[in-house]
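Shown next, in structure tokens, is the structure this report addresses.
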Amino acid sequence: MLGYIGRIDEKELKTRKDTYLANDYIGKTGIEAVFEEYLRGEDRKKAD
């Protein structure tokens with residue numbers, strides 16, 4: 001029911017390349033996949 005996450009594959013990366021990088025994890029099934037946009041969070045930013 002909760003689902004699982006895994007590394008983004010090439011097919012997923014092609015459709016989401018503006019949001020994800022090749023080493024990112026993404027929701028694969030269940031709630032993790034359905035609510036990926038909300039559960040993802042924000043990338044860390046380097047302080048100046």
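All of the numbers you see were taken from the coordinates with simple rules; none came from a lab. Just so it is clear, the model here is predicted, and its values are computed rather than measured. Every residue, glycine as well, gets a Cβ built from its backbone with ideal geometry; the counts of neighbours run over all protein chains shown.
Quick check: anything in region 5-14 in contact with a helix residue (DSSP H, G or I) (Cβ under 9 Å, 6 or more places away or on another chain) and of a type in the set (Val, Ile, Thr)? Walk me through it before giving the result.
Within region 5-14, the subset in contact with a helix residue (DSSP H, G or I) (Cβ under 9 Å, 6 or more places away or on another chain) is 5.
Restricting the remaining residues to those that are of a type in the set (Val, Ile, Thr) gives 5.
So far as region 5-14 goes, yes, one or more of its residues are in contact with a helix residue (DSSP H, G or I) (Cβ under 9 Å, 6 or more places away or on another chain) and of a type in the set (Val, Ile, Thr).
Considering (1) touching a strand residue (DSSP E or B) at 6+ places or on another chain (Cβ under 6 Å); (2) exposed (fewer than 11 other Cβ atoms within 10 Å of the Cβ), say which one Glu32 fails and leave the rest.
(2)
Any idea which of Gly41, Gly6 is assigned to a loop (DSSP other than H, G, I, E, B) and without any contact (Cβ under 8 Å) to a residue 24 or more places away in the chain? Write out each step before concluding.
Working: Gly6 fails: assigned to a loop (DSSP other than H, G, I, E, B).
The conditions single out Gly41.
Does Tyr4 satisfy being surrounded by fewer than 10 Cβ atoms within 10 Å (Cβ to Cβ) and of a type in the set (Phe, Trp, Tyr)?
On the way: surrounded by fewer than 10 Cβ atoms within 10 Å (Cβ to Cβ): no; of a type in the set (Phe, Trp, Tyr): yes.
Judged against the criteria, Tyr4 is not a match.
Would you be able to say whether some residue in region 11-24 is under 12 Å from the mean Cα position of the chain (by Cα) and part of a strand (DSSP E or B)?
No, that holds for no residue.
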